[in-house]
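Worksheet: the structure to be examined is printed underneath.
The values are calculated or read from the model by the stated rules, or taken from the named source; none is laboratory data. Nothing here was measured: the structure is a model prediction, and the numbers come from that model. Every residue, glycine as well, gets a Cβ built from its backbone with ideal geometry; the counts of neighbours run over all protein chains shown. These accessible areas exclude ligands, DNA and RNA; they are computed on the full protein's heavy atoms, side chains included. Shrake-Rupley method; radii C 1.70, N 1.55, O 1.52, S 1.80 Å.
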Amino acid sequence: MRDPNPPAPDFAIEARGLEKTYRGDRKNPPKQALKGIDLAIPRGSFFGLLGPNGAGKSTFINILGGLVVKTGGRASIWGVDIDADPRNARGAIGIVPQELNMDPFFSPWESLEMQAGFYGVPKAERRSEEILKAVGLWDKKDAYARTLSGGMKRRLLVAKALVHAPPVVVLDEPTAGVDVELRRQLWEYVKTLHAQGVTIVLTTHYLEEAQELCDTIAIINHGEVIACEPTPQILRRLDKRTLVIAPQQEFATMPKGFEDLDPHLRADGSFALNFRSADHTVESLLDRVKAAGISIRDLKTEEPDLEDVFVSMTSAPR
Ligand code: ADP
């Protein structure tokens, strides 16, 4: 017999060599969306899955949720292999999907009760009232879903993902198109869940959001995990800025003396100096430029495009 209370696993989610190739059709060639993902998400973490659009984040989440069938590798949720025991694996995870797809004819109360029935939660153990109150939808419990605002619908999706009290909750790009106030409310609630011991996985393409909330961040790009580290460590790696100087004079080549700053002479005659704010200040760089006898006509700093950073991380030796 299965142990009804197995010990909590070290990892809430574990993926080894996870692959997905979407079959092509007459118009589209096959697409390898995941190229062997290895990821171990520690139990109790607030984990960020960060990557640009098209990186494969949703594909990964949807494999865990059973909406997409993997084409290679393996994955387990709360220590349960998704192939060997899909029912129990899925019972351990609650996924808040990206899209606001819901049945317009059911009230929040009915939606939650149906979802609980779907997961086989006995009536005595249902927590629909508690959950609706927690997400601020108790006064709307009997309203038709189609009459709810966008923000309320999103909260209902969060509520639906929680009916079976999963130890792992995944939020797939939860703040796309969400206003600031709702976003704040959502985070407050998610933080409460986390404080109660729930492992939270958040997918996002906003570094800022991941940085604010997550203790560990994995970066995924073109279907591969290119980094997975505690947040402060990742931030140090992402700390790249560029100082662009338009000189008064014209230079045919980049003046000497800036080799440590990966300098580039741009087509418009300006210099781009790359630096980490942990190592240099703009002021100290300007002093060096002036000391080199260069008069500055104009200047600006550039923050990195995340996409560029991902590319440089993929190509940089690790
Ligand atoms: P993300 O969530 O990081 O934006 P996705 O997992 O949605 O990335 O997509 C990863 C890649 O797989 C993209 O190139 C996307 O176009 C492709 N893709 C996603 N879903 C499908 C599908 N159903 N059929 C074919 N290609 C898909």
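General remarks:
- Taking residues in the stretch 56-71 that are under 18 Å from His222 (Cα atoms), and partners anywhere that are among the hydrophobic types (A, V, I, L, M, F, W, C) and in a helix (DSSP H, G or I), the pairs with Cβ atoms closer than 8 Å and at least 6 places apart or on different chains are Lys70/Ile63.
- Asp268 satisfies every condition listed in (1) at pLDDT 95 or above; (2) open to solvent by 90 Å² or more (accessible area, probe 1.4 Å) except (1).
- Residues that are open to solvent by 60 Å² or more (accessible area, probe 1.4 Å) and more than 25 Å from Glu209 (Cα to Cα), drawn from the stretch 235-250: Gln248, Gln249, Glu250
- Candidates Ala55, Ala12, Ala33, Ala75 - the one that is of a type outside the set (Ser, Thr, Tyr), away from the ligand (no atom under 16 Å from the Cβ) and out of contact with any Cys (no Cβ under 6 Å at 6 or more places or on another chain): Ala12
- Complete set of residues in the stretch 162-190 that are open to solvent by less than 30 Å² (accessible area, probe 1.4 Å), within 16 Å of the ligand (Cβ to nearest atom), modelled with pLDDT under 90 and closer than 19 Å to Gly136 by Cβ: Pro174, Thr175
- Qualifying residue in the stretch 200-212 (condition: outside the structural domain of Asn53 (by TED's automatic domain parsing), within 30 Å of Ser45 (Cα to Cα) and open to solvent by 50 Å² or more (accessible area, probe 1.4 Å)): no
- The number of residues in the stretch 215-230 being open to solvent by less than 10 Å² (accessible area, probe 1.4 Å) and over 27 Å from His264 (Cβ atoms) comes to 4.
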